[in-house]
Amino acid sequence: MVGKVQSIDYSSSVTGVVTIRDQTEAEAAEGESSTEIKKRVRREERTQLLIDTDWMSMGDVTMSDAWKTYRQALRDLPTADGYPDVDMPTKPS
């Protein structure tokens, strides 16, 4: 069975365009191991979540402690035990 891995291209993230492309494990294995791919994809997901909340860190916005904790958890994610097979932090409501 050939699985699929998502490849995310943030090269156009300034314009808000994010491209997600499925690739087979065989295609992915050409340059990276499956663990390396998982780590890269997880970092890309984390980066996008931080980008989505960057506006909260501007000087004219008061960020709640819950959002500060969430953003710190995102930044700390790559050092979590079991990374990249860990759950993403839950966004505050």
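The values are calculated or read from the model by the stated rules, or taken from the named source; none is laboratory data. Please read these numbers as outputs of a predicted model, since none were measured by experiment. Cβ placement follows ideal geometry from the backbone for every residue including glycine, while neighbour counts extend to all protein chains displayed. With ligands, DNA and RNA removed, areas are computed over all heavy atoms of the protein, side chains included. Shrake-Rupley method; radii C 1.70, N 1.55, O 1.52, S 1.80 Å.
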For 69, 90, write out the residues from largest to smallest accessible area, computed with a 1.4 angstrom probe and no ligands counted.
90, 69
Rolling a 1.4 angstrom probe over the protein chains, ignoring ligands and nucleic acids, what is the accessible area of residue 83 in square angstrom, nearest 10?
30
Working from the pairwise distances between different alpha carbons, so that the mean of 1/r is found and then inverted, what is the stretch 28-93's Kirkwood radius in Å?
13.1
So for the pair residue 33, residue 83, with labels modelled 7 Å out along Cα→Cβ, what separation do we get in nm?
1.7
